[in-house]
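Quick note: the coordinates plus some simple rules give every number you see, no bench work behind them. Since the model is a prediction, treat every value here as computed from it, not as a measurement. Glycine gets a Cβ as well: all are built from the backbone with ideal geometry, and neighbour counts include every protein chain shown.
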Amino acid sequence: MDEKMNEKTNEKVNEEIFVRKKFQEYYSSHYVKGPKYISSREFGFGTFDKKIESRHFSFSSEYELNSYLKRNAPIYISYSVAKYRYPTARMDKKEMISSDIVFDIDANEVAGFHKLNCDHDKKFVCEKCFEKTIECTQNLIDFLKEDFGLSNDEIEVNSSGNRGFHVHIIKDIDLDSNARRKICNYLNGNIQFIFENVRPNSGGWKGRIANFFLDKLRKGELKVFRINKKKINEIYQNITKLQKNIEEGNWSFFSKRILENIKRASIEKYSCCVDQQVTIDLTKLIRLPDSLHGETGFVAKRIKISDLDSFKFEKIIVFSQENKIKVKADCGKFFLDEYFGPYKGEVELPEYLAIYLICKKVASLA
Ligand SMILES: [Zn+2]
């Protein structure tokens with residue numbers, strides 16, 4: 001028993017040494033741009049087993065950060081969304097200056113909200129939940145611009161390096177946890193709402209709901225609101241008048257039940273599915289953009305907003321797609337631009353995929 005356990009531990013140590021060596025190669029040839037106000041940030045590092053194993057570190061400059069990465073190649077590196085007067089002090093002595101606003105959108109959360117019935121291991125994504133995750137991130141960007149008046153320059157989007165995206169607001173806005181919670185509720189469509197002044201030119205959710213309905217009306221897709229055939233016929237017989245009414249915010253043609261369905265379908269369409277816990281935590285340590293993710297071996301890359309729609313995992317792969325590595329794997333089917341697996345037993349894979357599965361802890365070096 002002991003021997004077996006030792007063998008298992010050794011195996012894991014070997015994998016971690018291997019991954020760390022690959023990470024070191026990467027950091028030796030790639031410069032990582034540090035966060036703004038780097039010297040006021042707290043940094044944390046993780047190992048194979050723990051995303052944040054040690055914290056309360058700081059770097060005086062980007063140069064120092066890069067020297068550290070080259071030397072130590074941590075499996076994870078995170079930094080504080082907060083700026084502190086004393087970033088290396090213990091929590092109660094740090095003296096927070098302010099805290100950036102960051103949103104996290106993860107495929108697991110998205111799949112849960114949209115009841116996608118994904119049948120894969122939660123470590124992975126499928127085409128369905130990942131596509132929806134991109135949509136939710138796009139929704140968030142639209143909200144930030146249209147409802148909160150931010151410009152593209154004030155929004156930074158990163159691949160999380162795993163199953164989703166992090167959206168950072170690059171602007172000093174001082175909001176406490178409570179205000180952040182309210183914003184998350186708003187973005188997720190968790191709102192108290194009455195059907196008043198719901199017009200296509202209304203701002204916020206009301207405008208979205210009116211426009212969504214009118215769009216479905218024009219396309220003949222009213223079934224999404226679970227309106228029955230008889231009522232649909234009635235709607236199209238009165239379409240001109242109805243459109244005019246909606247322009248004026250008059251929905252009296254519809255029953256309470258239908259209005260509730262219209263609201264629900266609109267929320268499903270536009271919800272951002274942000275993880276509230278991440279945004280409300282003022283002391284959160286979050287993945288450093290452009291650093292490697294220890295659960296995938298991918299880079300948490302900054303991406304252009306205009307490139308989000310066409311995001312491909314290919315863009316965050318850093319290790320070789322040509323070199324082959326033999327691993328012992330045990331996993332089901334998973335999606336990375338295309339489907340891979342299932343794998344059971346020894347298999348020769350491109351280096352990046354072998355590292356991905358090792359980092360996911362479903363494969364070991366053969
Ligand atoms: Zn899925």
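Values computed for the structure shown
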read-out: Lysine-lysine proximity count for the stretch 243-318, Cα under 14 Å, sequence distance 8 or more or distinct chains; value: 4
read-out: Kirkwood Rh and Cα Rg combined as Rg/Rh, the stretch 198-354; value: 1.18
read-out: Shape call, the stretch 273-334: gyration tensor on alpha carbons, a/c limit 1.5; value: prolate
read-out: Net +/- balance of residues flanking K301 in space, Cβ distance below 14 Å, scoring K and R +1, D and E -1; value: +2
read-out: Karplus-derived HN-Hα couplings along the stretch 52-59 (A = 6.51, B = -1.76, C = 1.60, θ = phi - 60°), whole Hz, x at Gly and Pro; value: 10, 9, 9, 9, 6, 9, 8, 10
read-out: Ellipticity estimate at 222 nm from DSSP helix runs (n ≥ 4, -39,500 (n - 2.57)) divided over the chain, nearest 500; value: -12000 deg cm²/dmol
read-out: Within a Gaussian network of the chain (alpha carbon springs, distance under 10 Å), most fluctuating of I246, I317, I267; value: I246
read-out: Rounded D (µm²/s) - the stretch 132-247, Kirkwood Rh over Cα pairs, Stokes-Einstein at 20 °C, 1.002 mPa s; value: 128
read-out: Percent of alpha-carbon pairs separated by more than 25 Å within the chain; value: 61
read-out: Fluctuation leader among S67, S310, S39 - the chain, Gaussian network, Cα springs under 10 angstrom; value: S310
read-out: Max mean-square fluctuation residue, GNM over the chain, Cα-Cα springs under 10 Å, options G189, G161, G149; value: G149
read-out: Mean-position separation - Cα centroids, the stretch 175-246 and the stretch 261-303, in angstrom; value: 25
read-out: Reachable lysines, given that their alpha-carbon falls under 17 Å from the alpha-carbon of K171 and they are not under 8 places away in the same chain; value: K36, K83, K145
read-out: Sequence ranges 348-354, 337-343, ranked by mean other-Cβ count within 10 angstrom, highest first; value: 348-354, 337-343
